[in-house]
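Chemist: First, the structure itself, so that you have it in front of you.
The values are calculated or read from the model by the stated rules, or taken from the named source; none is laboratory data. The model shown is predicted, which means the values in this text are computed figures rather than measured ones. Quick reminder, even Gly has a Cβ in these numbers, built from the backbone with ideal geometry, and neighbours come from all protein chains shown. For the accessible areas, the whole protein counts, side chains as well, though only heavy atoms, and no ligand, DNA or RNA atoms are used. Shrake-Rupley method; radii C 1.70, N 1.55, O 1.52, S 1.80 Å.
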Amino acid sequence: PGRGAGTLVWVRAYARAEAAVVLEPEMPLGPARLAFHAAANALADALSSLGPPEMGVALRWPGSAVVNGAACGAVRLAAPADAAEDAVPDWMVVGMELRLAFPTGYEPGHAPGVTALAEEGFEGIGPADLTAAWARHLMAGLDEWQARGPGRVAERFLQRLLDEAGT
């Protein structure tokens, strides 16, 4: 009880934000996988809304969140291992994780392609703030998908996706 569609779970930690939402799709797994794109868009929207103005937020395939050219988080999708692409799965889960700060003693710049939100000017933003923003944007994205079809979700994802050269 209480663990079905819409259940949000999250981790409260100093240096990271992690959250997941349970979905119960009404379509086959193949097309339902678009929920991954909705979750990625929601993460980019949350970062854009909470970060400093003019913050460069993008996505890198398959599910990395990129801020100012460096990876700071990821989006994932899970479904039952035995679910067929053309069958409606009993459940799916979309999740996100973000690096809020590096561990004590870590020297910024050690790994140039990796960053933490604290290094990018996200001041006073904690896991609860990021989780709430991601969940709000995810629900709005799923609602838009249901009301207007999949085109806008896919289009927004592709607009944010970095090409192989990182641009």
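Chemist: When only residues in segment 35-56 that are surrounded by fewer than 20 Cβ atoms within 10 Å (Cβ to Cβ) and aliphatic (A, V, I, L, M) count, which is farthest from residue 159 (Cα to Cα)?
Modeler: Residue satisfying both the conditions and the ranking: 50.
Chemist: Could you please give the count of residues in segment 1-19 that are closer than 20 Å to residue 101 by Cα, part of a strand (DSSP E or B) and either open to solvent by 30 Å² or more (accessible area, probe 1.4 Å) or out of contact with any helix residue (DSSP H, G or I) (no Cβ under 9 Å at 6 or more places or on another chain) (or both)? Full working, then the answer.
Modeler: Going residue by residue through segment 1-19, those that are closer than 20 Å to residue 101 by Cα are 10-19.
Okay, now just the ones that are also part of a strand (DSSP E or B), so 10-12, 16-19.
Narrowing the set further to residues that are either open to solvent by 30 Å² or more (accessible area, probe 1.4 Å) or out of contact with any helix residue (DSSP H, G or I) (no Cβ under 9 Å at 6 or more places or on another chain) (or both) leaves 10-12, 16, 18.
The total comes to 5.
Chemist: Report those strands (runs of 3 or more DSSP E) wholly inside segment 64-167 carrying at least 2 residues which are of a type outside the set (D, E, K, R) and open to solvent by 20 Å² or more (accessible area, probe 1.4 Å).
Modeler: Numbers: elements: 64-67, 70-78, 92-99.
Correct list: 70-78.
Chemist: Let me ask you something else. Scan 136, 152 and give me the residue that is basic (Lys, Arg) and farther than 14 Å from residue 8 by Cα. Even if it seems obvious, please write down each step before you answer.
Modeler: On the way: 136 fails: farther than 14 Å from residue 8 by Cα.
Just one listed residue meets the conditions, 152.
Chemist: Let me confirm something: among 15, 5, 20, which residue is at pLDDT 95 or above and of a type in the set (Gly, Ala, Ser)?
Modeler: Only one candidate passes the filter, namely 20.
Chemist: Could you list, in sequence order, all residues of segment 42-65 that are without any contact (Cβ under 8 Å) to a residue 60 or more places away in the chain and small (Gly, Ala, Ser)?
Modeler: Within segment 42-65, 48, 56, 63, 64, 65 qualify.
Chemist: Looking at 80, 89, 108, 127 in this structure, which one is modelled with pLDDT under 95, at negative phi and not hydroxyl-bearing (Ser, Thr, Tyr)?
Modeler: Values: 80 fails: modelled with pLDDT under 95; 89 fails: modelled with pLDDT under 95; 127 fails: modelled with pLDDT under 95.
Of the residues listed, the single one that is modelled with pLDDT under 95, at negative phi and not hydroxyl-bearing (Ser, Thr, Tyr) is 108.
Chemist: Let me ask something else. So, in segment 63-110, of the ones that are of a type in the set (Val, Ile, Thr) and out of contact with any helix residue (DSSP H, G or I) (no Cβ under 6 Å at 6 or more places or on another chain), which residue ends up nearest to residue 7 (Cα to Cα)? Break it down into steps so the answer makes sense when it comes.
Modeler: As a first pass, look at segment 63-110 and keep what is of a type in the set (Val, Ile, Thr): 66-67, 75, 88, 93-94, 104.
Imposing the further condition that a residue be out of contact with any helix residue (DSSP H, G or I) (no Cβ under 6 Å at 6 or more places or on another chain) reduces the set to 66, 88, 93, 104.
On the way: 66: 27, 88: 19, 93: 10, 104: 33 Å.
Selected residue: 93.
Chemist: Anything in segment 97-140 that is without any contact (Cβ under 8 Å) to a residue 40 or more places away in the chain and either touching a Ser or Thr at 6+ places or on another chain (Cβ under 7 Å) or of a type in the set (Val, Ile, Thr) (or both)? List them, or say none.
Modeler: 104
Chemist: Cβ-Cβ under 7 Å, sequence separation 6+ or interchain: first residue in segment 17-41 and more than 16 Å from residue 4 (Cα to Cα) and in contact (Cβ under 8 Å) with a residue 40 or more places away in the chain, partner among the small types (Gly, Ala, Ser) and buried (at least 23 other Cβ atoms within 10 Å of the Cβ). Which pairs?
Modeler: 38/141; 41/141
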